[in-house]
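Novice: My structure is below; once you've seen it, I'll send some questions.
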């Protein structure tokens with residue numbers, strides 16, 4: 001009876017270990033084995049290596065259609081606030097052109113252009129550029145959309161990741177979460193073990 005009782009009280013620890021081991025193995029099976037292996041007549045391969053192409057296609061579709069689109073890019077770069085950030089650089093370049101490069105290229109014309117004229121020309125140019133920038137960027141994005149397939153880029157990148165690199169990346173991001181799942185599994189196993197003891201003693 002003493003021996004039976006002693007083993008009875010080890011159930012929570014055994015149950016905790018089994019649950020922890022099960023979850024640990026499940027997490028490992030996400031990436032291992034890298035290549036298909038025959039085990040007891042079954043072909044076994046890690047989830048990510050096996051489904052890498054499918055995962056890449058799904059992520060590519062999500063990124064290309066929902067997370068990032070050329071419409072979003074166009075709205076961002078043609079936003080008036082973003083255009084205003086570009087104008088100081090354009091102003092500086094135009095000022096340098098009128099004061100330095102124009103004198104070097106066309107010295108005769110530059111002789112008749114003073115500070116007042118330069119200021120007036122800059123004001124005209126800057127007003128025109130403020131209206132022109134959004135049009136230029138919209139046209140640029142339209143051409144970029146035809147030349148650049150975001151979905152295909154994401155698919156190719158993920159599909160060509162090595163399994164080692166993919167595992168390393170996910171472990172770097174989810175290490176704490178993986179550990180948390182393992183601890184929760186062990187705690188749940190321990191609780192189930194306690195419940196088994198309680199039911200066993202109750203039935204006696």
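Here, each number is a calculation from the coordinates, and none is a lab measurement. Quantities reported herein were computed from a predicted structural model and do not represent experimental measurements. Positions of Cβ are generated from backbone atoms using ideal geometry, with glycine treated the same way; all protein chains shown enter the neighbour counts.
Novice: Using square roots of five times the C-alpha gyration tensor eigenvalues, list the equivalent-ellipsoid semi-axes of region 2-203 in whole Å, biggest first. All intermediate terms of the calculation are to be shown ahead of the outcome.
Specialist: Working: eigenvalues 944, 93, 41 Å².
Over the Cα atoms of region 2-203, the semi-axes work out to 69, 22, 14 Å.
Novice: Does anyone have the angle between helix 163-203 and the longest principal axis of the chain? Alpha-carbon axes, 0 to 90°, nearest 10?
Specialist: Between the helix axis and the principal axis of the chain, the angle is about 30 degrees.
Novice: Please work out the FRET efficiency for the pair residue 89 and residue 124, using the Cβ-Cβ distance as r and a Förster radius of 22 Å; give the result to the nearest 0.05.
Specialist: 0.80
Novice: While we're looking at this one, here's another question. Could you work out the helix-only [θ] at 222 nm for the chain, with each DSSP H run of four or more residues adding -39,500 (n - 2.57) and the total divided by the number of residues, to the nearest 500 deg cm²/dmol?
Specialist: So the calculated ellipticity at 222 nm is -25500 deg cm²/dmol.
Novice: Pairing the Cα long axis of helix 150-159 with the longest principal axis of the chain, what angle in degrees results, from 0 to 90 and rounded to the nearest 10?
Specialist: Here the helix axis deviates by roughly 40 degrees.
Novice: Sort 145-156, 52-63, 169-180 by the packing proxy (mean of other Cβ within 10 Å over each peptide's residues), most packed first.
Specialist: Highest-to-lowest ranking by the protection proxy: 52-63, 145-156, 169-180.
Novice: According to a simple spin-label model (label point 7 Å from Cα along Cα-to-Cβ), what is the distance in nm between residue 177 and residue 199?
Specialist: So the label points at residue 199 and residue 177 sit 3.3 nm apart.
Novice: Ok, one more. For the chain, what does the relative contact order come out to in percent, with C-alpha contacts under 8 Å and a separation of six or more?
Specialist: With pairs under 8 Å counted, the relative contact order is 44 percent.
Novice: Ok, one more. What area, in nm² and to one decimal, does the C-alpha convex hull of region 30-123 cast on average over all directions?
Specialist: Quarter of the Cα hull surface area: 11.5 nm².
Novice: Continuing with the same structure: Any chance you could give the angle, 0 to 90 degrees and rounded to 10, that helix 47-62 forms with the longest Cα principal axis of the chain?
Specialist: Helix 47-62 sits at roughly 40 degrees to that axis.
Novice: If you take the square roots of the eigenvalues of the alpha-carbon gyration tensor of region 103-204 and sort them as a ≥ b ≥ c, do you get rounded (a/c under 1.5), prolate (a/b over b/c) or oblate?
Specialist: Working: a/c = 4.97, a/b = 3.63, b/c = 1.37.
The shape class here is prolate.
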